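Written out below as C-alpha cells is the structure these notes cover.
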Number of protein chains: 2
Amino acid sequence: MNLAGIDLARKTEKHEYKKIISKLELKAGALQRKAREKGIPVIIVFEGWGAAGKGTQINNLMLALDPRGFNVYLTKAANEEEYMRPFLWRFWLRVPAAGRMAIFDRSWYRRVLNDRVEKLISKREYQEAYIEINDFERQLSDEGTVIIKFFLHISKKEQKKRFKSLLANPSTAWKVSKNDRKQHRHYATYVGVIEDMLKKTSLATAPWTVVEANDNRFASVKILETLIATLSKALSARTRPRRSATATSLSGKIPPLLDKTDLSVSMEREEYEDSLKKCQARLHELEHEIYVKRIPVLIVYEGWDAAGKGGNIRRLVQGLDPRGYEVVPVAAPNDVEKAHHYLWRFWQKVPKAGHITIFDRSWYGRVMVERIEGFCTETEWKRAFGEIREFERELADNGMVVVKFWLDIDKDEQLRRFKQRQTIAYKTWKITDEDWRNREKWGLYKRAVEEMIYRTSTKDAPWTIVEANCKLYARIKTMETVIRAVEKKL
Amino acid sequence: MNLAGIDLARKTEKHEYKKIISKLELKAGALQRKAREKGIPVIIVFEGWGAAGKGTQINNLMLALDPRGFNVYLTKAANEEEYMRPFLWRFWLRVPAAGRMAIFDRSWYRRVLNDRVEKLISKREYQEAYIEINDFERQLSDEGTVIIKFFLHISKKEQKKRFKSLLANPSTAWKVSKNDRKQHRHYATYVGVIEDMLKKTSLATAPWTVVEANDNRFASVKILETLIATLSKALSARTRPRRSATATSLSGKIPPLLDKTDLSVSMEREEYEDSLKKCQARLHELEHEIYVKRIPVLIVYEGWDAAGKGGNIRRLVQGLDPRGYEVVPVAAPNDVEKAHHYLWRFWQKVPKAGHITIFDRSWYGRVMVERIEGFCTETEWKRAFGEIREFERELADNGMVVVKFWLDIDKDEQLRRFKQRQTIAYKTWKITDEDWRNREKWGLYKRAVEEMIYRTSTKDAPWTIVEANCKLYARIKTMETVIRAVEKKL
C-alpha cells in the first residue's frame with residue numbers, strides 16, 4: 001500500500017454532509033444493535049498521524065452508537081504492569097465479549113509504529129510483532145470477531161497547519177506532544193514505516209482502511225460507510241455467530257505416546273525425602289534468581305483424574321516465597337469467560353516478568369474435555385492446536401520459560417485411588433460422579449491426550465510425560481524438570 | 001490494645017507441633033470447602049513487622065487449603081493507576097466472590113501504617129482512612145463476608161536477629177528493604193502506630209488477632225486455630241449466607257419531593273441552540289482543566305424510562321475529548337457481579353484523577369428496581385442508603401466532584417413518548433414490555449425515588465432534580481449544573 005497514491009484533496013461539502021450524515025448514523029446504530037443480538041463482537045481500531053482527528057472521529061462515531069454497547073480504550077505507552085508481560089497482554093484483556101464493541105484509540109500497532117521508530121524494541125522484536133499481531137487478529141476473527149481498522153491520513157502540510165493552530169490556543173497546546181513534533185520532523189521516515197505496516201497486516205479478515213482525513217467531514221462519512229458495509233456483510237454472511245472457520249485439516253499419524261511410558265518406575269521414601277529437600281532448596285534459590293533477572297516462568301499441569309496434580313503442586317511450591325508465584329486452578333468457564341475467545345481467560349493470568357504461574361489444568365481443556373464432551377465444535381478443537389502453539393510461542397518469544405506436564409497413571413492405579421478416596425473421610429470430597437463418568441471414556445481421552453502431546457510439543461514449550469503411578473517419583477521428576485528448564489534459561 | 005502485654009516467649013515444641021499440625025490443616029481444608037459450598041466469601045489479612053514471617057505463614061496456610069478456592073494478593077505501594085483513585089479502590093477490586101477466599105499479604109492497613117509513618121499522607125487523610133476502613137469491612141461483613149485479620153508480632157531483638165541472618169545470605173539479603181531498616185530504627189514509633197490501628201479497627205465483625213511470632217511454630221498453630229474457630233462459628237451461625245443484617249430502622253417522614261417539581265418549565269429552540277454551544281465549549285475547557293489539576297468527576301444519571309437520559313448524555317459529551325471521559329451503562333448484573341457485594345462492580349468504574357465518568361443508571365438500582373421488584377431483601381435495600389452515603393463520601397473525600405441527576409417527567413409525557421417510540425421506525429427498539437410493566441408501578445417507584453433523594457442527598461454528593469418534560473430545558477440544566485459543580489471545585 002502506497003500512501004502517495006492517496007488523494008488527500010477529497011472533500012465532503014457541508015450541505016452534502018448534512019444531508020447524509022444522520023442517515024448513516026441511524027444505519028450504524030441499527031447495525032450495532034443487530035450485532036449485539038447476534039452476539040458478534042466488534043473491534044474498531046483507530047490509528048493515524050498526530051492531529052489527524054482521531055479524537056473527533058471517535059466522538060462522532062460514538063454519538064451514532066448506543067453507549068450501552070461499546071467501550072473506548074485509549075492506548076498509551078505501556079505502564080509497568082503491562083511492560084512486564086507480552087505486549088499483546090493488555091489488548092487480550094480488552095477484547096470485546098460476544099455482542100460488544102471495543103473502540104481502540106491507538107492500539108497494538110504502536111508496537112510496529114512508535115516502538116519501532118523510537119527504537120524502543122529491536123528489529124527482531126518488531127518483526128515478531130507482525131507475526132503476533134496477525135495471529136492475534138486471525139484468532140479473534142476465527143471465533144467470529146469483526147475487526148475494522150482505520151488509518152487516518154493527513155499530509156505533512158496539513159499536520160503542520162493543525163499543530164500550529166493547536167499550539168496557538170493555551171487550552172489545546174498540551175495536545176501537541178514532544179513525540180508529535182518528532183513525528184512531524186520525521187514525517188518521511190514514518191511514511192515508510194506506516195506503508196510497511198499497512199502491507200504486512202492487511203489480512204482478508206481484518207483489512208486496513210486508509211481514511212483521507214485532511215477534510216474532517218469526508219473522513220466521518222468514510223468511516224461510517226466502511227463500518228456499515230463491513231457490519232452488513234458480516235451480519236448477512238453469518239447465520240450462526242462465533243462459528244466461522246479457518247479450514248483445518250490435520251494430518252499425520254498420532255504415535256501412541258502413552259503406551260511407551262514405563263509406569264513401573266518408582267522411588268523409595270528415603271531417597272525421596274532427600275531429593276525433596278534438595279529440590280525445594282534449589283527452587284527457592286531459582287525463584288530469587290528469576291526475580292532478579294525478570295524471567296517469567298509458566299508451568300502447566302495436566303493429567304488423569306487422581307494422578308496427583310494437587311499434591312505434586314503443593315510440594316513444588318512448599319519452599320517458595322508466595323510473593324513470587326501463583327497457582328491458577330482452572331475449572332469450567334463462567335458466563336463472562338464463555339462470552340469471550342477461549343484463550344481470553346488464560347491471557348489474564350500469564351505470569352509477569354520475574355514471577356512463576358502454575359496452571360492446575362489449562363487451555364488444553366479445549367482439546368481434551370471440550371473436544372470429547374462436545375463443548376466445542378470439531379472445527380474449534382482442531383483449530384485449537386495451532387492457536388495454542390501460537391499462544392505459547394508468543395510467551396516463549398517474550399522470554400518466558402514454559403514447562404508442561406502430563407501426569408500419567410494407568411487405569412488400575414486410578415481405580416485404586418478412586419476407591420481409596422471413597423473410604424478415607426477427609427478425601428471423599430475429591431471424588432465425584434463425573435470422575436467415574438470420565439473414567440469410562442479412558443480410551444477416548446487417551447487418544448486425545450496423545451494427539452495433544454504430539455501436536456503441541458514444541459522446542460520452546462515441550463511436554464514432559466511424568467510417570468505418576470509412584471507419587472514420590474512423580475514429584476521429584478517434575479521438580480527436577482522445572483529446575484533444569486529454568487537453569488537452562490539462566 | 002497494648003503490644004507490651006503480649007507474651008512473645010510463647011513457643012510450640014517440635015514434637016507437639018508435629019502431633020497437631022496435620023489435624024489442624026485437615027480441619028481448615030474441610031472448613032474452606034464448607035464455606036465454598038455455602039457461598040461464604042472469606043478475607044484473611046496478614047499484617048506484621050518486617051521479617052515477622054508473613055511469607056512463611058501464608059505459605060503454610062496455603063498448603064492446608066485447596067488452591068482452587070483462594071487467591072493471594074501481595075500489596076505493595078500503590079502503582080500509578082491505583083494512586084489515581086481512592087485508596088480502597090484496588091482492594092474493592094480484589095474482594096472475594098461468594099465461596100472464595102482472598103488472602104492479603106499486607107493490605108489496606110498500609111494506609112494507617114507505612115503511609116502514615118512515612119508521612120505520605122496528611123493527618124486528616126489517615127484519620128479519614130480509619131473511618132473508610134471500618135466502613136469497608138462492615139459493608140463486606142454485612143453481606144456475609146468473613147474477615148480474619150492477623151498481626152504478626154515480634155520483638156525488636158528478634159527482628160534484629162532475623163534481619164542479620166537474612167543479610168548474611170546473598171540469596172535472601174534483598175528481602176531486607178530500606179523501609180525494613182527504617183522500621184527497625186523506629187520500632188518504638190511503629191509500636192504506637194500499630195496499637196492505634198489495632199484499637200481503632202477491631203470491630204466485632206472483623207477483630208484483630210495478634211500472633212506471637214517469635215516462634216514460627218507457635219504462630220502457625222495459632223493462625224490455623226483462629227481460622228478454624230472463626231470459620232466454624234460463621235458456618236454454624238449462618239443458615240443462609242449473604243443475608244446477615246446490620247439492624248436497620250429508617251425513620252423520618254419522606255417529603256413528596258417530586259410533587260414540588262414544576263414540570264411546565266421549557267426552553268425555546270433558539271435559546272437552546274445558543275446555550276448548547278456555550279455550555280459545550282465551556283465543558284471542553286473544563287475537561288482540560290480538571291485533567292491538568294487531576295480532579296476526578298463522577299456524574300450519575302437516573303430517571304424515569306423515556307425521560308431522555310441517552311440524548312442528554314450525548315449532548316453532554318458531544319464536545320468532549322473521548323480520552324477524558326467514559327460513559328458506563330448499567331444493566332442487570334452478570335453472574336460474576338452477582339457473586340460479589342453489589343457495590344463491587346461500581347467500584348471498578350470510579351473515575352481516575354483528571355477523568356470524567358458518566359453512569360447511565362447506577363448503584364441506585366438497589367433502592368429502586370431491586371427494592372420494588374424484590375431482587376434484594378428489605379434489610380439489604382434499607383442498609384443500602386447508608387452504604388451509598390459512605391461510598392459517595394469516600395469518593396468526595398478523594399477530591400471527586402459528584403453530580404447526580406434525577407430526570408423527572410410526568411406520567412402523561414411518558415405515555416406520549418412510549419407511543420412515539422412505537423411508531424418511529426428507528427426508535428422501536430427503545431421500548432419493551434418491561435417499560436410498560438414498570439409504568440404500571442409508577443406510584444411505587446415515585447415513593448422509592450423520593451426516599452432515595454431524601455436519604456442520599458448530601459453536601460458532597462447532592463441530587464439535582466431535572467425537569468425533563470422539555471428535553472431542551474433538561475439538557476441545558478444538566479450541563480449548567482455540571483459546569484457549576486466543577487467550577488466550584490476549581
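The values are calculated or read from the model by the stated rules, or taken from the named source; none is laboratory data. What you are looking at is a predicted structure, and each value in this text was computed from that prediction instead of being measured. Cβ sites come from the backbone with ideal geometry, for glycine too, and all protein chains shown count toward neighbours. Quick note on the areas: whole protein, heavy atoms, side chains included, nothing else; ligands and nucleic acids left out. Shrake-Rupley method; radii C 1.70, N 1.55, O 1.52, S 1.80 Å.
Here the peptides B:300-309, A:374-383, A:210-219, B:74-83 are ranked by packing, the mean other Cβ count within 10 Å, and the order with the highest first is B:300-309, A:210-219, A:374-383, B:74-83.
Which whole-angstrom value gives the distance between the alpha carbon centres of the range B:1-59 and the range A:379-432? Measuring centre to centre over Cα atoms gives 31 Å.
Here chain B carries DSSP beta bridges of which approximately 0% are antiparallel, counting only pairs with both residues inside.
Calculated FRET efficiency, A:ASP460 and A:ILE254, Cβ-Cβ r, R0 22 Å, to nearest 0.05?
E(calc), rounded to 0.05, equals 0.55.
Measure up B:LYS19/B:LYS175; A:LYS404/B:LYS54; A:LYS76/A:LYS182; B:LYS11/B:LYS160; B:LYS27/B:LYS222 against 22 Å on the Cα-Cα distance and list the ones that go over. Check vs 22 Å cut-off fails for B:LYS19/B:LYS175; A:LYS404/B:LYS54. Each copy carries a label point for A:GLN127 at 7 Å from Cα toward Cβ; from one copy, the others' points are 6.4 nm away, ordered from shortest.
Over chain A, accessible surface divided per residue gives 44 Å², non-protein components excluded, 1.4 Å probe. Per residue of peptide A:327-340, the mean number of Cβ atoms on other chains within 10 Å of the residue Cβ is 2. Compute the Cα gyration tensor for the range A:1-107, then decide on rounded, prolate or oblate, letting a ≥ b ≥ c be the square roots of its eigenvalues: rounded whenever a/c is under 1.5, prolate when a/b is larger than b/c in the other cases, and oblate in all that remain. Oblate, since a/c reaches 1.5 and b/c is not below a/b. Modelled spin-label separation between B:LYS161 and B:ARG314, with each label point placed 7 Å from Cα along the Cα-to-Cβ direction: 7.3 nm. Taking 7 Å steps out from each Cα toward its Cβ at B:ARG185 and B:ALA229 produces label points 3.9 nm apart. Here chain B was treated as a single set of alpha-carbon atoms; its pair distances binned every 10 Å from 0 give 3, 17, 25, 22, 15, 10, 5, 2, 0 percent. In the context of the full protein assembly, A:LEU61 retains an accessible surface of approximately 10 Å², using a probe radius of 1.4 Å and ignoring ligands and nucleic acids.
When all protein chains stay in place and ligands, DNA and RNA are ignored, the 1.4 Å accessible-area order of A:HIS288, B:HIS284, largest first, is B:HIS284, A:HIS288. Among the protein heavy atoms, those of B:MET368 account for about 10 Å² of accessible surface (1.4 Å probe, every chain in place). Note on the range B:1-48: Rg/Rh from C-alpha atoms, Kirkwood Rh, equals 1.12. Starting from the label point of B:GLU268 at 7 Å along Cα→Cβ, the same points in the other copies fall at 10.4 nm, in ascending order. Counting from the shortest, the label point at A:ALA425, 7 Å from Cα toward Cβ, is 7.4 nm from the same position in each remaining copy. For chain A, the membrane-span-like helix rule (DSSP H, alpha carbon extent of at least 24 Å along the helix axis, mean Kyte-Doolittle at least -1.0) picks out A:216-237, A:471-489; this says nothing about an actual membrane. Of the listed residues B:ARG393, B:ARG90, the order by accessible area with a 1.4 Å probe, largest first, is B:ARG393, B:ARG90. Spin-label model, B:ALA4/B:GLU480: points 7 Å from Cα along the beta carbon direction are separated by 6.4 nm. The listed residues B:MET84, A:MET479 rank as B:MET84, A:MET479 when sorted by accessible area, largest first, using a 1.4 Å probe. Oblate is the label for the range B:340-490, because a/c, from the alpha-carbon gyration tensor with a ≥ b ≥ c as root eigenvalues, is 1.5 or above and a/b does not exceed b/c. For the protein assembly as shown, treating each Cα as an identical point scatterer without solvent, what Debye log10 I(q)/I(0) comes out at q = 0.06, 0.08, 0.10 1/Å? Ignoring solvent entirely, the Cα scatterers give -0.50, -0.91, -1.41. Indicate the gyration tensor shape class of the range B:120-187 (rounded, prolate or oblate), computed on the Cα atoms with a ≥ b ≥ c the square roots of the eigenvalues: a/c under 1.5 is rounded; otherwise a/b larger than b/c is prolate and the rest oblate. It comes out prolate by the Cα gyration axes. Mean per-residue shielding of peptide B:47-56 is 1, counting Cβ atoms of other chains within 10 Å of each Cβ. Based on Cα contacts under 8 Å between residues 6+ apart, chain A shows a relative contact order of 19 percent.
Which residues in the range A:348-373 place their backbone N less than 11 Å from a point set 7 Å from the Cα of B:ASN79 along the Cα-to-Cβ direction? So the set is A:352-353.
Counts of other chain beta carbons within 10 angstrom of each beta carbon in peptide A:317-326 average 5.
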